[in-house]
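Novice: Just passing along the structure, written as structure tokens.
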Amino acid sequence: MKLSLAPIQSYTHVFYRYAHHHTFGTFDRFFTPFFEEGKNGDLEPKIFPEPNPDLNSGMDVVPQVATNSGDFLIQTAKTFAGMGLDEINLNMGCPFPMLVKRKKGAGLLKKPTLVKSILTSFFNHTSGIKLSVKMRLGVERPDEWKDIIPIINDFPVSEVTVHPRTAKQKYKGEVNWAEFENITAACKHPLTGNGNINTKEDYLELQKRFSTVSSWMTGRGALHDPFLPGKIKGIVYTQEQKKLLFTKFHNTYLNIVKQNYPEWNHAFNLIRTFWHYPLQNNRNGQRFYKKLKKYLIEDEYSRWSQEIISNGTLMNTDITDNK
Ligand SMILES: Cc1cc2nc3c(=O)[nH]c(=O)nc-3n(C[C@H](O)[C@H](O)[C@H](O)COP(=O)(O)O)c2cc1C
């Protein structure tokens, strides 16, 4: 079984992935949040430090792109391949209306001819670089994938990750595993399932139902509970281990952020995102997070983080009433 960390813009960036991997080592693969084409044809957000080899070594990292241009996809894939990353993932799921309107992200699900032309140019102009896609079921309807999967089937796409919701649902509401089941029958490529895997039990249920699917992805569940991938893989953490590991996770993250952003103002924004999800799991955490919402200078932050780690509130990373 292969377990991947989902791309979550602003959260699962290179520093988070680095700290997670060097603390827990429980994810098999990491997807970067998507890059887009900036005004001058550059990558947005700026490519560095995302592919910095020092921050990615020993990890399986797949960069993701949201584009509707075959040329841009090819160019970006080649840029990343030059940095040692031999797979690129095409985003066909982002539900932001601005993106959908511009025929990007989930917007591509409505444009089978465009998808065909992007895939044709990619496979005509690259070799040795894998292309995978991450998609939703549709924009408005959960059966819109039926126009897209047959096209994807005609190309040597390496893998199809499906988050079985429509773009209209954004990130809420029922995950439509019945429609995912239809995709397992229709799609010729290896599939990855993604959506609301928040506990080990969620994973076990899906694994039982979809015994032919051997690759799963979790995003928010792992952000809420960084022990989740380990639990899914059968590790049982004691409270003492959890405290030690979480301390290491935090310190690794803090150090790598500070090395790259020596100015506290910059570092602090990234530190806030680190705590956002783990502190939504219970009321105590939410109360603590409020203190962090306003700006803390470095000394205040040190006291705040020591308090929260030592008082045990954080150790309750198991998902409780966060939904
Ligand atoms: C704030 C936020 C940002 C996201 N950014 C991306 C992204 O950059 N690329 C992408 O493919 N999916 C993105 N997603 C979707 C997730 O990768 C994932 O498909 C979705 O959250 C469902 O999985 P989960 O329930 O395990 O979180 C984002 C989701 C959220 C909530």
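Nothing in this text is a laboratory measurement; each read-out follows from the coordinates by a stated rule. Just so it is clear, the structure is predicted and the values come from calculations on it, not from any experiment. All Cβ positions, glycine included, derive from the backbone under ideal geometry; neighbour counts span all protein chains shown.
Novice: Could you check the spin-label model distance between Ile309 and Glu240? Points 7 Å from the Cα along Cα→Cβ, value in nm.
Specialist: Distance between the two pseudo-spin positions: 1.8 nm.
Novice: Turning to a different aspect of this structure: Tell me, what HN-Hα J-couplings in whole Hz come from the Karplus equation 6.51 cos²θ - 1.76 cosθ + 1.60 at θ = phi - 60° for each residue of region 35-41, using x for Gly and Pro?
Specialist: Ordered by residue, 3J(HN,Hα) equals 9, 10, 7, x, 4, 9, x Hz.
Novice: Let me ask another. Please compute the contact order of the chain in relative form: average sequence separation of alpha-carbon pairs under 8 Å and at least six residues apart, divided by the residue count, as a percent. Don't skip to the answer; put the middle values down first.
Specialist: Working: 516 pairs, mean separation 50.6, N = 323.
The normalised contact order for the chain reaches 16 percent.
Novice: Can you tell me how much longer the chain between Asn153 and Lys291 gets when fully stretched, taken as 0.36 nm per residue apart minus their C-alpha distance, in nm with one decimal?
Specialist: Working: separation 138, 0.36 × 138 = 49.68 nm, distance 5.04 nm.
In short, 44.6 nm is gained.
Novice: Can you list the residues, at least 5 places off or on another chain, whose amide H is less than 5 Å from the amide H of Lys2, using H built in the peptide plane?
Specialist: Under 5 Å from the amide H of Lys2: Ser215, Trp216.
Novice: While we're here: Where the only charges are on Cβ atoms (+1 Lys, Arg; -1 Asp, Glu), what is the dipole of the chain about its Cα centre, to the nearest 20 debye?
Specialist: On the way: 42 positive and 32 negative charges, 155 e Å.
Roughly 740 debye, rounded to the nearest 20.
Novice: Residue by residue through region 231-237, what is 3J(HN,Hα) from phi via Karplus (6.51 cos²θ - 1.76 cosθ + 1.60, θ = phi - 60°)? Round to whole Hz and write x for glycine and proline.
Specialist: Working through the residues one at a time gives 4, 4, 8, x, 7, 10, 9 Hz.
Novice: I've got another one for you. Within region 30-57, name every residue whose backbone N is under 14 Å away from a label modeled 7 Å from Cα of Lys233 along the Cβ vector.
Specialist: Zone members listed by number: 30.
Novice: What whole-number distance in Å separates the alpha-carbon centres of region 21-58 and region 270-294?
Specialist: That distance is 24 Å.
Novice: May I ask you to order 219-231, 164-176 by the average number of other C-beta atoms within 10 Å around their residues, highest value first?
Specialist: Working: 219-231: 23.2, 164-176: 17.4.
So the peptides 219-231, 164-176, ranked by packing, come out 219-231, 164-176.
Novice: Another one. Below 8 Å between Cα atoms, with a sequence gap of 6+, how large is the relative contact order for region 6-104 in percent?
Specialist: On the way: 119 pairs, mean separation 24.3, N = 99.
This gives 25 percent for region 6-104.
Novice: Name the long-range amide H neighbours of Gln64: under 5 Å, sequence gap of 5 or more, or other chain; modelled H, no Pro or chain starts.
Specialist: Thr32, Phe35, Asn89
Novice: Between Asp299 and Lys170, 0.36 nm times their residue separation minus their Cα-Cα distance comes to what? Present the calculation step by step, with values, prior to reporting the outcome.
Specialist: Numbers: separation 129, 0.36 × 129 = 46.44 nm, distance 3.86 nm.
Length difference between fully extended and current span is 42.6 nm.
Novice: To continue, here is another question. Quick one: of the DSSP bridges fully inside region 1-146, what percent are antiparallel, nearest 5? Walk me through the numbers before you get to the answer.
Specialist: Values: 2 of 16 bridges.
Approximately 10 percent, going by the DSSP bridge assignments.
Novice: Quick one: of Lys134/Lys168; Lys146/Lys208; Lys231/Lys291; Lys2/Lys233; Lys170/Lys208; Lys172/Lys243, which pairs are farther than 20 Å apart, Cα to Cα? Numbers along the way, then the final one.
Specialist: On the way: Lys134/Lys168 16 Å; Lys146/Lys208 25 Å; Lys231/Lys291 30 Å; Lys2/Lys233 10 Å; Lys170/Lys208 26 Å; Lys172/Lys243 31 Å.
Pairs exceeding the cut-off: Lys146/Lys208; Lys231/Lys291; Lys170/Lys208; Lys172/Lys243.
Novice: Highest mean first, what order results for 98-106, 258-266, 152-160, 182-190 on Cβ atoms within 10 Å? Don't skip to the answer; put the middle values down first.
Specialist: Working: 98-106: 19.2, 258-266: 12.9, 152-160: 17.3, 182-190: 15.1.
Ranked from most to least packed, the peptides come out as 98-106, 152-160, 182-190, 258-266.
Novice: Full extension from Lys46 to Thr120: what is 0.36 nm times the residue separation minus their Cα-Cα distance, to one decimal in nm?
Specialist: On the way: separation 74, 0.36 × 74 = 26.64 nm, distance 2.74 nm.
The Lys46-Thr120 span can extend by a further 23.9 nm.
Novice: Sticking with this one: Tell me, what is the percent relative contact order of region 239-310, built from C-alpha pairs under 8 Å that lie six or more residues apart? Numbers along the way, then the final one.
Specialist: Details: 24 pairs, mean separation 20.3, N = 72.
RCO, region 239-310: 28 percent.
Novice: If I take R0 = 45 Å and measure r between the Cβ atoms of Asp54 and Lys188 in this structure, what FRET efficiency does the formula 1/(1 + (r/R0)^6) give, to the nearest 0.05?
Specialist: Values: r = 38 Å, r/R0 = 0.84.
It comes to 0.75.
Novice: Output wanted: per-residue J couplings in Hz (rounded whole) for region 154-167, from phi through Karplus 6.51 cos²θ - 1.76 cosθ + 1.60, θ = phi - 60°, x for Gly and Pro.
Specialist: Whole-Hz 3J(HN,Hα) from phi for region 154-167: 7, 10, x, 5, 7, 6, 10, 9, 10, 9, x, 10, 8, 5.
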